[in-house]
Amino acid sequence: MSAIKNVILLGAAGDLGKYIYAALVDADFDVTVISRPESNSIYPASARVIKTEYSLEGLTEAFRGHDAVVSSIAVPAAFAQFVMIDAAIAAGVKRFIPSYFGYAVDKTPLPEMEPFSAPKTEVLKYLEDRVVATAEPGLTYSSVACGVFIDWAMKKFPVIGGYQKERRMNIFDSGNATFTGTTMEGIATSVAGILKNPGPTANRHVKVRSIQTSQNEIVAAFEKVTGHEWTKTYLDSEETYAVAKEKLKVNDRSAILDLLSVVLFRDGGGQGIVASREASDNEMVGLQEEDIETIVRRVLNPNELPM
Ligand SMILES: NC(=O)c1ccc[n+]([C@@H]2O[C@H](COP(=O)([O-])OP(=O)(O)OC[C@H]3O[C@@H](n4cnc5c(N)ncnc54)[C@H](OP(=O)(O)O)[C@@H]3O)[C@@H](O)[C@H]2O)c1
């Protein structure tokens with residue numbers, strides 16, 4: 001497959017998109033950002049930004065002359081990707097990376113999680129079907145399964161990063177269940193790595209990981225890095241699961257985090273492991289694993305350079 005040079009990025013100012021934009025520019029791709037007319041997002045001053053309606057005509061025109069389209073748009077906007085895929089085909093784009101960035105597609109999540117993951121899996125299915133139906137040489141795809149956004153989640157969710165000011169963490173079951181995660185820079189490196197290596201990554205669910213870890217390892221790393229013992233409160237994942245099901249009955253969306261905690265931390269679960277080190281695609285995309293202490297240090301000291 002011929003080299004990819006000109007890349008479109010949608011969602012470039014988002015939590016993940018910012019990292020992808022920086023990684024693509026660093027990797028010497030020629031990047032064009034596409035955004036909605038009503039967007040208030042702020043982009044780097046040097047970014048080339050095109051604002052267009054997300055219509056077939058508008059997007060086809062904007063995509064023309066580009067080799068790849070990367071979507072990092074927000075979950076509530078997932079269905080806007082149907083028209084992006086159609087426009088990519090109409091414009092002769094070679095690779096589409098959808099805003100998937102989730103868990104392994106071959107793992108069965110809890111049935112209660114399916115309505116929340118449905119938009120992403122529907123987009124993925126549409127993309128696969130359209131790629132198969134398109135004559136060669138046509139569009140190809142790569143989706144990125146990266147598991148938890150590990151450093152982002154440590155800052156945002158106490159179930160992953162604890163209550164850092166209070167030095168305490170709620171631990172599910174034994175705390176030994178392991179799951180995989182990828183750092184924001186690691187995910188962005190993987191996206192750039194896919195586009196640098198288009199042949200092997202074509203029509204593939206690319207599985208990446210910065211780390212496989214557990215709640216016990218995370219809390220131990222916070223204790224070591226901060227030099228203070230943390231208070232641990234032990235919770236039963238089955239009780240949390242039961243509470244989540246009750247919350248769903250009254251449409252309480254905080255159930256999502258409870259369900260995710262069950263998937264990731266339940267003893268004997270393993271549903272949060274995107275791939276073993278050996279089965280991952282890290283090498284294919286040029287991603288290195290990291291250790292938990294390094295990640296925790298960077299979460300606590302965001303300006304510290306990677307070691
Ligand atoms: N695995 C994990 O732990 C994890 C965690 C977080 C996110 N994710 C995934 O990462 C991906 C990106 O998420 P994010 O948190 O980075 O997204 P985000 O910051 O919430 O939003 C990204 C961009 O989406 C665009 N957008 C927002 N509303 C839109 C709409 N109605 N129509 C079209 N575009 C819209 C905006 O771009 P413009 O303003 O430029 O149009 C926005 O900057 C998603 O697939 C999400 O599920 C995974």
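The values are calculated or read from the model by the stated rules, or taken from the named source; none is laboratory data. Predicted model, so just to flag it, every value in this text is computed and none were measured. Using ideal geometry, Cβ is built from the backbone for each residue, glycine included, and neighbour counts are taken over all protein chains shown. Accessible surface is based on the protein model in full, side chains and every heavy atom, while ligands, DNA and RNA are left aside. Shrake-Rupley method; radii C 1.70, N 1.55, O 1.52, S 1.80 Å.
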Subject >> All positions within the stretch 72-90 that are open to solvent by 10 Å² or more (accessible area, probe 1.4 Å) and either away from the ligand (no atom under 16 Å from the Cβ) or not in a loop (DSSP other than H, G, I, E, B) (or both) >> reply: 75, 76, 77, 80, 82, 83, 86, 89, 90
Original post:
Restricting attention to the stretch 137-157, does a residue exist that is open to solvent by less than 40 Å² (accessible area, probe 1.4 Å), of a type in the set (Val, Ile, Thr) and out of contact with any strand residue (DSSP E or B) (no Cβ under 8 Å at 6 or more places or on another chain)?
Top reply: no
Original post:
Among 105, 83, 123, 70, which is farther than 22 Å from residue 148 by Cβ and β-branched (Val, Ile, Thr)?
Top reply: 83
Original post:
Could you count how many residues in the stretch 158-171 are open to solvent by 10 Å² or more (accessible area, probe 1.4 Å) and on the phi < 0 side of the Ramachandran plot?
Top reply: 8
Subject >> Candidate set from the stretch 104-118 (those that are loosely packed, with under 11 Cβ neighbours inside 10 Å and modelled with pLDDT of 85 or more); member that is nearest to residue 273 (Cα to Cα) >> reply: 111
Original post:
For the stretch 119-136, which residues satisfy the criterion of being of a type in the set (A, V, I, L, M) and surrounded by 14 or more Cβ atoms within 10 Å (Cβ to Cβ)?
Top reply: 123, 124, 127, 131
Original post:
Within the stretch 124-143, is there a residue that is more than 11 Å from the ligand (Cβ to nearest atom), at pLDDT 95 or above and small (Gly, Ala, Ser)?
Top reply: yes
**OP:** Hey, can you tell me all the residues within the stretch 173-194 that are in contact with a helix residue (DSSP H, G or I) (Cβ under 7 Å, 6 or more places away or on another chain), open to solvent by 10 Å² or more (accessible area, probe 1.4 Å) and within 21 Å of residue 256 (Cα to Cα)?
**Re:** 173, 177
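Condition check ((1) under 23 Å from the mean Cα position of the chain (by Cα); (2) aromatic (Phe, Trp, Tyr)) across all residues:
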residue: 29; (1), (2): yes, yes
residue: 35; (1), (2): yes, no
residue: 41; (1), (2): yes, no
residue: 44; (1), (2): yes, no
residue: 50; (1), (2): no, no
residue: 55; (1), (2): no, no
residue: 60; (1), (2): no, no
**OP:** Only residues that are buried (at least 21 other Cβ atoms within 10 Å of the Cβ) and among the aromatic types (Phe, Trp, Tyr): list them for the stretch 234-280, please.
**Re:** 265
Original post:
Just for the stretch 1-37: of the residues that are in a loop (DSSP other than H, G, I, E, B) and out of contact with any Ser or Thr (no Cβ under 9 Å at 6 or more places or on another chain), which one is nearest to the ligand (Cβ to nearest atom)?
Top reply: 29
Original post:
In this structure, does residue 135 turn out to be touching a helix residue (DSSP H, G or I) at 6+ places or on another chain (Cβ under 9 Å), free of Cβ contacts under 8 Å to residues at least 40 places away in the same chain and not polar (S, T, N, Q)?
Top reply: no
Subject >> Those residues of the stretch 206-233 which are open to solvent by 10 Å² or more (accessible area, probe 1.4 Å), among the small types (Gly, Ala, Ser) and outside any helix (DSSP H, G or I), in sequence order >> reply: 227
**OP:** Look through 69, 93 and report the one residue that is more than 8 Å from the ligand (Cβ to nearest atom), open to solvent by less than 30 Å² (accessible area, probe 1.4 Å), in contact with a Phe, Trp or Tyr (Cβ under 6 Å, 6 or more places away or on another chain) and outside any strand (DSSP E or B).
**Re:** 93
